[in-house]
């Protein structure tokens, strides 16, 4: 097996690996938080690790950059509110719709409790 074939095989296996989707709240310091969804929770965590390693915010959500600029990257933490294992054969759009519905439920619940 050539190196090229091996890479092709690894890419195909990666594409077939199911990703865990999630509703998350990203906290920056004690004053700023963002409720968001992600189709790939592991990738979101990796982007935060990359940002911390490089000291840049380019891999993170634009809506958080000013708060991160004030409080620093070390003040960022991800709170996983809910996870979703996509149904086998579900498209990204179908999973996104399910995530959006979950996020709406979380927004309503958090607004009701003042969170």
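Mind telling me which of the residues 101, 90, 22 ends up being part of a helix (DSSP H, G or I) and on the phi < 0 side of the Ramachandran plot? I'd like the intermediate steps shown before the answer.
Numbers: 90 fails: part of a helix (DSSP H, G or I); 22 fails: part of a helix (DSSP H, G or I).
So the residue among 101, 90, 22 that is part of a helix (DSSP H, G or I) and on the phi < 0 side of the Ramachandran plot is 101.
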Those residues of the range 26-35 which are without any contact (Cβ under 8 Å) to a residue 60 or more places away in the chain and under 13 Å from the mean Cα position of the chain (by Cα), in sequence order: 26, 27, 34
Matching option when the condition is modelled with pLDDT of 90 or more and either in contact with a strand residue (DSSP E or B) (Cβ under 9 Å, 6 or more places away or on another chain) or under 18 Å from residue 30 (Cα atoms) (or both), among 100, 85, 104: 100
Checklist (1) within 26 Å of residue 96 (Cα to Cα); (2) surrounded by fewer than 14 Cβ atoms within 10 Å (Cβ to Cβ); (3) in contact with a strand residue (DSSP E or B) (Cβ under 9 Å, 6 or more places away or on another chain) applied to residue 78, failing item: (2)
For residue 42: the one exception among (1) out of contact with any helix residue (DSSP H, G or I) (no Cβ under 7 Å at 6 or more places or on another chain); (2) buried (at least 16 other Cβ atoms within 10 Å of the Cβ); (3) in contact (Cβ under 8 Å) with a residue 12 or more places away in the chain: (2)
Within the range 30-65, tally of residues that are assigned to a helix (DSSP H, G or I), within 22 Å of residue 106 (Cα to Cα) and either touching a strand residue (DSSP E or B) at 6+ places or on another chain (Cβ under 8 Å) or at pLDDT below 90 (or both): 5
Subset tally (residues that are surrounded by fewer than 13 Cβ atoms within 10 Å (Cβ to Cβ) and within 14 Å of the chain's Cα centre (by Cα)) for the range 45-62: 3
Subset of the range 62-103 (residues that are closer than 28 Å to residue 18 by Cα, touching a residue at least 24 places away in the same chain (Cβ under 8 Å) and touching a helix residue (DSSP H, G or I) at 6+ places or on another chain (Cβ under 9 Å)): 76, 77, 78, 80, 81, 82, 83, 84, 86
Contacts under 6 angstrom Cβ, first residue in the range 1-22 being more than 28 Å from residue 84 (Cβ to Cβ), partner surrounded by 10 or more Cβ atoms within 10 Å (Cβ to Cβ) and modelled with pLDDT under 85, 6 or more apart: none
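Is it true that residue 110 is surrounded by 13 or more Cβ atoms within 10 Å (Cβ to Cβ), under 17 Å from the mean Cα position of the chain (by Cα) and more than 19 Å from residue 43 (Cα to Cα)?
Criteria not met by residue 110.
The values are calculated or read from the model by the stated rules, or taken from the named source; none is laboratory data. Everything quoted here is computed from the prediction, not taken from an experiment. Here Cβ is always computed from backbone atoms with ideal geometry, including for glycine, and neighbour counts include all displayed protein chains.
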